[in-house]
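I'd like to ask some things about the structure below.
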Amino acid sequence: MPTHNQIDLIEFRAADAATLAAARGFYESAFGWSFTDYGEYLDTPDSGVVAGINAVADDHQQQMPLTVLYVTDLEAARDLVAESGGRIIHDIYGFPGGRRFHFADPAGNELAAWSDGAPPS
């Protein structure tokens, strides 16, 4: 179970299926990582912190490695990020396994926060 307000995932970018496959082969060969394959997304627990490789081409695709924090209340976290001087880049959206939003810290670093489950009713 992820821990509230701690880094839960580092996500690397892949431009398409070919680069996703090449990145997978690289990390398997160079570091011995194994992956769970979700089509356009791979994840591995073998990297010391959960790591993923994202080849989903959509409006939420980051350009650099993405640090992802786990939070228990996504809406409260988004509000605190904005109140604390962060800039919301992509508001809350769903993905298989949960929901997340992307934000930039005052230094311009892009991060994301995620939570499992459905939105509150």
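The values are calculated or read from the model by the stated rules, or taken from the named source; none is laboratory data. In this text, all values refer to a predicted model and were calculated from it rather than measured experimentally. Here Cβ is always computed from backbone atoms with ideal geometry, including for glycine, and neighbour counts include all displayed protein chains.
For segment 18-34, which positions are without any contact (Cβ under 8 Å) to a residue 24 or more places away in the chain and out of contact with any Phe, Trp or Tyr (no Cβ under 8 Å at 6 or more places or on another chain)?
Answer for segment 18-34, where residues must be without any contact (Cβ under 8 Å) to a residue 24 or more places away in the chain and out of contact with any Phe, Trp or Tyr (no Cβ under 8 Å at 6 or more places or on another chain): Ala18, Ala21, Ala22, Gly25, Phe26, Ser29, Ala30, Phe31, Gly32, Ser34.
Sticking with this one: Output yes when any residue across segment 35-58 is modelled with pLDDT of 85 or more, over 18 Å from Trp114 (Cα atoms) and in contact with a strand residue (DSSP E or B) (Cβ under 6 Å, 6 or more places away or on another chain), and no when none is.
yes
Now, a different point. Evaluate segment 97-112: report whether one residue or more is among the aromatic types (Phe, Trp, Tyr) and surrounded by fewer than 17 Cβ atoms within 10 Å (Cβ to Cβ).
Scanning segment 97-112 turns up no residue that is among the aromatic types (Phe, Trp, Tyr) and surrounded by fewer than 17 Cβ atoms within 10 Å (Cβ to Cβ).
Please determine, by comparing only the residues of segment 74-94 that are within 17 Å of the chain's Cα centre (by Cα) and exposed (fewer than 13 other Cβ atoms within 10 Å of the Cβ), which one is farthest from Glu110 (Cα to Cα).
My answer is Gly94.
In addition: Output the residue which, of all residues in segment 16-58 that are more than 13 Å from the chain's Cα centre (by Cα) and of a type in the set (A, V, I, L, M), is surrounded by the fewest Cβ atoms within 10 Å (Cβ to Cβ).
The qualifying residue surrounded by the fewest Cβ atoms within 10 Å (Cβ to Cβ) is Ala30.
I need the full set of residues from segment 4-15 which are surrounded by 11 or more Cβ atoms within 10 Å (Cβ to Cβ) and either in a strand (DSSP E or B) or out of contact with any Leu (no Cβ under 8 Å at 6 or more places or on another chain) (or both), in order please.
The answer is His4, Ile7, Asp8, Leu9, Ile10, Glu11, Phe12, Arg13, Ala15.
Scan segment 80-108 for residues that are closer than 14 Å to Leu69 by Cα, touching a helix residue (DSSP H, G or I) at 6+ places or on another chain (Cβ under 9 Å) and not small (Gly, Ala, Ser) and jot them down.
Correct list: Ile92, Arg99, Arg100, Phe101, Phe103, Asp105.
Looking at (1) under 16 Å from Gly98 (Cβ atoms); (2) out of contact with any helix residue (DSSP H, G or I) (no Cβ under 8 Å at 6 or more places or on another chain); (3) at pLDDT 85 or above, can you tell me which one Met1 breaks?
(3)
Here is a further query. Residue pairs, Cβ under 6 Å, 6 or more apart or interchain, first in segment 97-114 and free of Cβ contacts under 8 Å to residues at least 24 places away in the same chain, second among the charged types (D, E, K, R). List them.
Cβ pairs passing all conditions: Gly98/Asp116; Ala104/Arg87; Ala104/Glu110.
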